[in-house]
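Here's the structure, in structure tokens; my notes come after.
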Amino acid sequence: MFDIQEKNGKTVVYLKGEINAQSGLELKNKVLGVFKTKDFAALSFKGVVYMNSSGLREIIDLLKQSRKDKKELALCEMSKDIRDMFAFTGLDKVFKIHDSESAALG
């Protein structure tokens, strides 16, 4: 589902496959675990082939919790379809979305 790596002292979570209620909840819990010791995480959507509204809801919940805990969450490397989903729902104005991983880590 996902792979977590450290790059230049920052955490990058590489998502793979489908993001749905189950995988989204697992992702949210894993990133909240990262936030116990780190102040930043980037989610790379490069390997995501599909995301439904339940998966999106878990990512929104993750953003809410990260803001409450004063942590920074960035999203990057989205396919056009997923980027369009964020734009259509207005979430592109709420999340920090970057075209590349290097921009997200910048």
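The values are calculated or read from the model by the stated rules, or taken from the named source; none is laboratory data. The structure presented is a predicted model; accordingly, all values stated were derived computationally and were not measured. As a convention, Cβ positions derive from the backbone with ideal geometry for all residues, glycine included, and neighbour counts pool all protein chains shown.
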Which ranges mark the helices (runs of 4 or more DSSP H) fully within the stretch 16-106 that have 2 or more residues being closer than 18 Å to Asp3 by Cα and out of contact with any Gly (no Cβ under 7 Å at 6 or more places or on another chain)?
21-34, 101-105
Can you tell which of Val34, Val48 is of a type in the set (A, V, I, L, M) and farther than 17 Å from Gln65 by Cα?
Val48
For the stretch 1-39, name all the residues that are of a type in the set (D, E, K, R), out of contact with any strand residue (DSSP E or B) (no Cβ under 9 Å at 6 or more places or on another chain) and more than 12 Å from Ile59 (Cα to Cα).
Lys36
Test set (1) closer than 14 Å to Ala104 by Cβ; (2) surrounded by 14 or more Cβ atoms within 10 Å (Cβ to Cβ) - Lys28 fails condition number
(1)
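Residues checked against (1) under 21 Å from Gly9 (Cβ atoms); (2) modelled with pLDDT of 95 or more; (3) crowded, with 18+ Cβ neighbours inside 10 Å; (4) in contact with a strand residue (DSSP E or B) (Cβ under 6 Å, 6 or more places away or on another chain):
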{"residue": "Ala42", "(1), (2), (3), (4)": "yes, yes, yes, yes"}
{"residue": "Arg67", "(1), (2), (3), (4)": "no, yes, no, no"}
{"residue": "Lys70", "(1), (2), (3), (4)": "yes, yes, no, no"}
{"residue": "Ala74", "(1), (2), (3), (4)": "yes, yes, yes, yes"}
{"residue": "Ala87", "(1), (2), (3), (4)": "no, yes, no, no"}
{"residue": "Asp92", "(1), (2), (3), (4)": "no, yes, no, no"}
{"residue": "Phe95", "(1), (2), (3), (4)": "no, yes, no, yes"}
{"residue": "Ser102", "(1), (2), (3), (4)": "yes, yes, no, no"}
